[in-house]
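Only one structure is covered here, and it is reproduced in the block below.
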Amino acid sequence: MADSWVNSAERIGADLHLELTGPGGRRAALIQALREAVRGGRLPPGTRLPPYRSLAADLGVARNTVADAYAELVAEGWLTARQGSGTRVALGIAGPTRHAGRTPPKAPPRARGPRHDLRQGTPDASAFPRAAWGTSYRRALQQAPHDAFGPGDPAGRRELREALAEYLARARGVRAEPDRIVICSGFAHALRLLAASGVLRGPLAVEEYGLGFHRDLLAGAGVRTVALPLDEDGARVEELGRERAVLLTPAHQFPTGGPLHASRRAAVIERVRARGGVLLEDDYDGEFRYDRKPLGAVQGLAPEHVIYIGSVSKSLSPALRLGWMVLPERQVAEVLAAKGEREGWASVLDQLSLADFLLCGAYDRHVRRMRQHYRGRRDRLVAALAERAPRIGVTGVAAGLHAVLRLPPGTEASAVKAAVWQGVALDGLSAFRHPAALTPPVDGLVVGYATPAEHAYGAALEALCGVLPPG
Ligand SMILES: Cc1ncc(COP(=O)(O)O)c(C=O)c1O
């Protein structure tokens with residue numbers, strides 16, 4: 001027996017859900033539900049109510065119950081009944097009284113952003129390939145088999161896993177069979193899944209500079225992080241303690257910017273292999289390398305000891321929430337169990353769109369175009385600093401969407417403060433430092449050069465140079 005119904009558009013012009021609950025039988029409950037629908041504005045004045053017979057069938061009540069309820073509400077003045085035009089909500093009935101007699105509340109003032117946004121983290125949002133993505137989206141929608149709209153595979157759509165396996169092998173040197181790929185909604189989601197799955201048993205070694213958000217997320221999931229020192233060759237993996245799992249950004253250390261030296265790549269694999277552990281490889285901006293060919297992923301050296309993680313957050317947009325893990329075969333089942341059967345999926349249409357976007361070559365074209373674009377931005381940043389602040393060192397500029405400006409000792413806090421005053425949003429290097437890092441802190445600024453609109457970039461650079469210490 002149905003206790004509620006969702007009305008179809010042609011019957012009353014709007015969906016309506018009625019709950020027949022409360023004391024006094026079905027008739028009283030229906031009267032109460034209709035009164036509330038009128039009072040709350042879900043049934044506006046003039047709305048035609050469904051005929052007795054169909055409402056009775058929808059609700060699983062007798063036809064007379066509906067007829068009596070309508071009659072009562074007509075008598076009370078809520079409804080009108082006229083030959084030929086059915087039963088309608090009476091005109092002149094006051095709808096919801098939320099704003100009656102009051103001026104509507106003003107929209108809250110929009111927070112004014114900084115004048116120049118040089119925070120790392122986001123790609124150029126104005127360069128999202130709307131037309132090409134739209135084409136892929138339409139094609140994906142048209143070609144999706146019916147089963148795409150039913151309960152799906154927690155590992156993600158096979159079409160996307162196959163397309164990624166091909167792309168990651170070709171572009172990043174990842175050894176990825178589709179069955180070892182699990183689609184997720186980005187790096188942060190991957191970390192959550194790994195923490196929940198038990199893959200990260202015990203403490204996790206992380207680089208001493210990294211995203212605090214990721215450290216907090218791990219701490220919240222019960223994973224303790226241990227700081228691994230860095231030098232110009234990347235993480236000093238020979239100083240790993242007893243941790244079995246290590247999280248690194250080998251292609252472009254985040255945020256300091258260097259690649260992990262080849263000898264250290266081999267060494268970290270040796271360590272995790274010896275301990276039966278695993279390396280989490282965060283390949284967050286691996287496609288954007290400017291002066292040489294992109295460095296291949298460490299995963300290609302030892303697929304059974306590395307969990308390779310990527311997402312479209314830097315290459316397309318962080319708003320899509322689409323990412324992937326390439327897992328050692330033995331860990332696939334564990335991670336899928338943590339993911340569960342029903343929740344935590346990326347939208348199937350986005351997955352199919354990305355599969356199409358990869359297969360038709362649009363992803364490669366977009367990345368190539370953005371690489372040119374960001375390289376141009378990087379060159380302008382380096383040139384502006386060489387001219388206006390020649391004593392400030394710039395590092396980490398061979399790749400990615402941000403640079404690190406090395407400042408004289410003791411000047412970072414005042415430079416960050418000066419930036420705030422000048423409307424320049426950026427972060428000091430210390431904002432990324434692990435609280436338990438042991439090496440002496442370095443003063444610096446992390447400058448993202450992807451975010452400002454093209455026409456505003458010159459002014460942003462000018463403002464940046466204006467807040468730097470004299471050197
Ligand atoms: C170090 C690092 N890893 C990973 C990511 C990607 O995170 P997500 O895929 O959750 O957007 C980012 C930000 O884009 C990042 O800065």
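Read the figures in this text as sums done on the coordinates, not as results from a lab. These figures come from a predicted structure and were not determined experimentally. Here the Cβ positions follow ideal geometry from the backbone for every residue, glycine too, while neighbour counts run over all protein chains shown.
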| said: Skipping prolines and chain starts, which residues have an amide H placed within reach, meaning under 5 Å, of the one on D153, given they are 5 or more residues away or on another chain? | reply: none
| message | Could you tell me which residue out of L168, H189, L301 lies farthest along the dipole of the stretch 128-364 toward its positive end? Charges go on the beta carbon: Lys and Arg +1, Asp and Glu -1, centred on the Cα centre. | response | H189
| Given 5 Å bins starting at zero, what is the percent of C-alpha pairs of the stretch 9-89 in each, up to the one with the largest pair distance? | 3, 16, 29, 31, 18, 3, 1
| query | Counting only residues 5 or more places away or on other chains, whose amide H sits under 5 Å from the amide H of Y308 once H atoms are built in the peptide plane? | reply | E281, V326
| field | For the stretch 366-467, size of Cβ-based charge dipole, Lys and Arg +1, Asp and Glu -1, in debye | value | 380
| field | Per-pair calculated FRET efficiency, R0 = 25 Å: R170 and R275 via Cβ, rounded to 0.05 | value | 0.20
| Normalised contact order of the chain, rounded percent, pairs of Cα under 8 Å and 6 or more residues apart | 18
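Of all DSSP beta bridges in the chain, what percent run antiparallel (nearest 5)?
Working: 28 of 45 bridges.
If I count the DSSP bridges inside the chain, around 60 percent turn out antiparallel.
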| Backbone HN-Hα couplings from phi across the stretch 389-395 [Karplus 6.51/-1.76/1.60, Hz, Gly and Pro as x] | 9, x, 8, 8, x, 10, 10
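Report the gain in length on full extension from A148 to T395: 0.36 nm times residue separation, minus Cα-Cα distance, nm rounded to one decimal. Please report the intermediate quantities before stating the final value.
Numbers: separation 247, 0.36 × 247 = 88.92 nm, distance 4.60 nm.
Extra length available between A148 and T395 comes to 84.3 nm.
At 222 nm, what helix-only mean residue ellipticity would the chain give, in deg cm²/dmol to the nearest 500, using -39500 (n - 2.57) for each DSSP H run of four or more?
Working: 14 runs with 175 residues, N = 471.
Only helices count here, giving -11500 deg cm²/dmol.
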| said: How large are Rg and Dmax for the chain when calculated on the C-alpha trace, in angstrom? | reply: 29.5, 89
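Evaluate Rg over Rh across the stretch 366-467, taking Cα atoms for both radii and Kirkwood's formula for Rh.
Values: Rg = 13.9 Å, Rh = 14.3 Å.
That ratio equals 0.97.
Send over the semi-axes of the stretch 226-292's equivalent ellipsoid, whole angstrom and largest first, taken as the square roots of 5 times the C-alpha gyration tensor eigenvalues. Kindly include the intermediate steps, with their values, before the conclusion.
Details: eigenvalues 88, 28, 23 Å².
In descending order, the three semi-axes are 21, 12, 11 Å.
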| message | Averaged across orientations, what area in nm² does the convex hull of the alpha carbons in the stretch 190-345 project? | response | 9.0
| field | Protection proxy ranking of 286-293, 356-363 - average other beta-carbon atoms within 10 Å, highest first | value | 356-363, 286-293
| message | Quick check for me: using +1 on Lys/Arg Cβ and -1 on Asp/Glu Cβ, what's the dipole size of the stretch 128-364 about its Cα centre, in debye to the nearest 20? | response | 140
| remark: Between the residues L141, V326, L358, the Cα farthest towards the positive end of the dipole of the stretch 128-364, that dipole coming from +1 and -1 charges on the beta-carbon of Lys, Arg, Asp and Glu, is from L141
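Is any helix in the chain, taking whole DSSP H runs, at least 24 angstrom long along its axis by alpha carbon and on average at least 0.5 on the Kyte-Doolittle scale, and which ones?
Counting only whole DSSP H runs, no helix qualifies.
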| So how far apart, in nm, are the two label points at R242 and E334 if each is 7 Å from Cα heading toward Cβ? | 1.9
| query | Ranked from highest to lowest mean number of other Cβ atoms within 10 Å per residue, what is the order of the peptides 59-70, 273-284, 364-375? | reply | 273-284, 59-70, 364-375
| note | Non-local residues with an amide H under 5 Å from the amide H of D124, with H modelled 1.01 Å from N and Pro and chain starts lacking one, are none
| query | Dipole size in debye (nearest 20) for the chain around its Cα centre, Lys and Arg Cβ +1, Asp and Glu Cβ -1? | reply | 1000
